[in-house]
Amino acid sequence: MTKTEIDRNPSSDFKLSFEFFPPKSPDMDVQLWETVEDLSRWNPDFVSVTYGAGGTTKAPTLEAVRRMISVAGLSTASHLTCVDASKRETHEVVEELRNVGVKHFVALRGDPATGIGTAYKPHPEGYENAAALVRGLKELGDFEISVSSYPEKHPESESNAVDIEMLKLKADSGATRALTQFFFDNDIFERYMERVTKAGIKIPVVPGIMPIQNLTQLKRFAGRCGTSIPAFLDERFAGYDDDPVGRAKVAADVAAEQIFDLQRRGVNEFHLYTMNRAPLVNAVLENVGFRPARKSAA
């Protein structure tokens, strides 16, 4: 496949965003900011920072978001969940984030506090789902709001149809865009988009790309969130267990090929799950032919 160079200047219609998570230790804090500094040179349209259910990462999320806005100069979205929180508590978090410059939220219901796979129970005084959270955010301010979507359906959804209905409800409630769960089969994404279009959903649906840091760990995570792992991935990574350099090259090639193919299908916007690590993400973008647009501001 021939590499296609994408002009990352302000006039380009290509859009790129990154997801980070708040650090849990001093060492992870250093790693995060080294990664942010390195990846800032790709001039992402925005970055997002995850937020634990019930505010379990409230303080580190708030600090990470504040620093990304005020120091790194990045357009930064904060994830926001409504698990185990009343509307009042959720609004307090929104105000804290607004006060550090947040104008964009990734509105999520969040995983049950009792763990993925257990029954979700809304807080009796809280938002019952992500669509209700979107409506609440729109009442609080003129925020940009991203939401989640699932090419292979949310693991708790009864069917693909029910899953699409929820996405439409989030869109109709005021969402700006949907960011998908990661996937590896672009045919699945294309069929999903056919259902999205048929349902009359007008907001952009941005594919989430997961460069594979560790295939074994990814399989465990994918199993919990309902993402299938195609057989070709085992074939591509076979024989590289003791070759980290070769394994990283394969991982970069796989993600770049996925982006190339999505571009061929008309996609021009991508959301990359960085796992707070820059080298593999850099390799993917270099493979695709992207050019850094500016030096890091961090």
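The values are calculated or read from the model by the stated rules, or taken from the named source; none is laboratory data. Values in this document were obtained by computation on a predicted structure and should not be read as measured data. All Cβ positions, glycine included, derive from the backbone under ideal geometry; neighbour counts span all protein chains shown. The area values use the complete protein model at the heavy-atom level, side chains included, leaving out ligands, DNA and RNA. Shrake-Rupley method; radii C 1.70, N 1.55, O 1.52, S 1.80 Å.
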*May I ask for the distance between the Cα centers of region 54-83 and region 227-281, given as a whole number of Å?*
27
*Label point distance in nm, GLU128-VAL100, each placed 7 Å from Cα along Cα→Cβ*: 3.2
*Helix-derived [θ] at 222 nm for the chain: sum -39500 (n - 2.57) over DSSP H runs of at least 4, divide by residue count, nearest 500?*
-13500 deg cm²/dmol
*asked:* Give me a comma-separated list of calculated 3J(HN,Hα) values for region 135-144, in order, Karplus coefficients 6.51, -1.76, 1.60 applied at θ = phi - 60°, integers in Hz, x for any Gly or Pro.
replied: 4, x, 5, 5, 6, 7, x, 8, 8, 7
_region 266-278 - phi-based ³J(HN,Hα) in whole Hz, Karplus 6.51/-1.76/1.60, Gly and Pro as x_ = x, 8, 10, 9, 9, 10, 9, 7, 7, 6, 6, 10, 8
*asked:* Give me the percent of accessible area attributable to carbon and sulfur for the chain, probe 1.4 angstrom.
replied: 50
*Amide hydrogen neighbours beyond the local backbone of ALA85, cut-off 5 Å, H modeled*: HIS123
*Name the residues whose placed amide hydrogens come within less than 5 Å of the amide hydrogen of PHE20, ignoring near sequence neighbours (fewer than 5 apart) on the same chain.*
SER48, VAL49, THR50
*asked:* Apply the Karplus curve 6.51 cos²θ - 1.76 cosθ + 1.60, θ = phi - 60°, to the phi angles in region 88-94 and return the couplings in whole Hz, x for Gly and Pro.
replied: 4, 5, 5, 5, 5, 5, 4
_For the chain, what does the accessible surface come to per residue with a 1.4 Å probe? Please give it in Å²._
47
